[in-house]
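Chemist: Right, I'll just put the structure down here and ask away after.
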Amino acid sequence: QVQLVESGGGSVQAGESLRLSCAASGSIFRINAMGWYRQAPGKQRELVATITSDIKTNYADSVKGRFTISRDNARNTVLLQMNSLKPKDTAVYYCNAEVRRTIVALYTAYWGQGTQVTVSS
């Protein structure tokens, strides 16, 4: 199996920063894209940022210039540095990874359990 474990969520004031971390472990041959998604109460889950294995990044327009995604391929981890946080960033943040478990397997998407980020004004 594959597990994604997130950490780093919490409650902050508007304008402050948080850093989220996600570590993938288990039966892993290779990881393709990794990313962060979020879901606010009453809303659908949305993309925040993704990063490919060759470090190509993609961001939602709402976080461009404030959030930075990075990864450590050797440690199978992905980070999300969130600066200048706003109340509208409040959500549960989920880590995602496209994992290939063996050399012959297809890529499968895995999700973390989610970590709460709360930003107050």
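The values are calculated or read from the model by the stated rules, or taken from the named source; none is laboratory data. Being a predicted model, the structure only gives us computed values, none of them experimental. Counting neighbours? That spans all protein chains shown, and the Cβs are built from the backbone with ideal geometry, glycine included. Calculation scope for accessible area: heavy atoms of the full protein, side chains included, ligands and nucleic acids excluded. Shrake-Rupley method; radii C 1.70, N 1.55, O 1.52, S 1.80 Å.
Chemist: Normalised by the number of residues in the chain, what is the relative contact order in percent for Cα pairs under 8 Å and 6+ residues apart?
Modeler: 36
Chemist: Using 0.36 nm times the number of residues separating Arg19 and Ser84, minus their current alpha carbon distance, what extension gain do you get?
Modeler: The span from Arg19 to Ser84 would gain 22.2 nm if fully extended.
Chemist: Further, regarding this structure: Taking the Cα centre of the chain as origin, work out the dipole magnitude from +1 charges on Lys and Arg Cβ and -1 charges on Asp and Glu Cβ, in debye rounded to 20.
Modeler: Numbers: 14 positive and 8 negative charges, 22 e Å.
So the dipole magnitude of the chain works out to roughly 100 debye.
Chemist: Which values of log₁₀ I(q)/I(0), to two decimal places, follow from the Debye formula for the chain at q = 0.11, 0.18 Å⁻¹ with a uniform point scatterer at every Cα?
Modeler: So the normalised log intensities are -0.34, -0.87.
Chemist: Sticking with this one: How much accessible area does Thr118 have with a 1.4 Å probe, in Å² rounded to the nearest 10?
Modeler: Thr118 exposes around 50 Å² with every protein chain in place.
Chemist: In whole Å, what is the distance between the alpha-carbon centres of region 76-96 and region 11-30?
Modeler: Value for the Cα centre distance between the two parts: 7 Å.
Chemist: From the C-alpha coordinates alone, can you work out the Kirkwood hydrodynamic radius of region 55-121, in Å?
Modeler: 14.0
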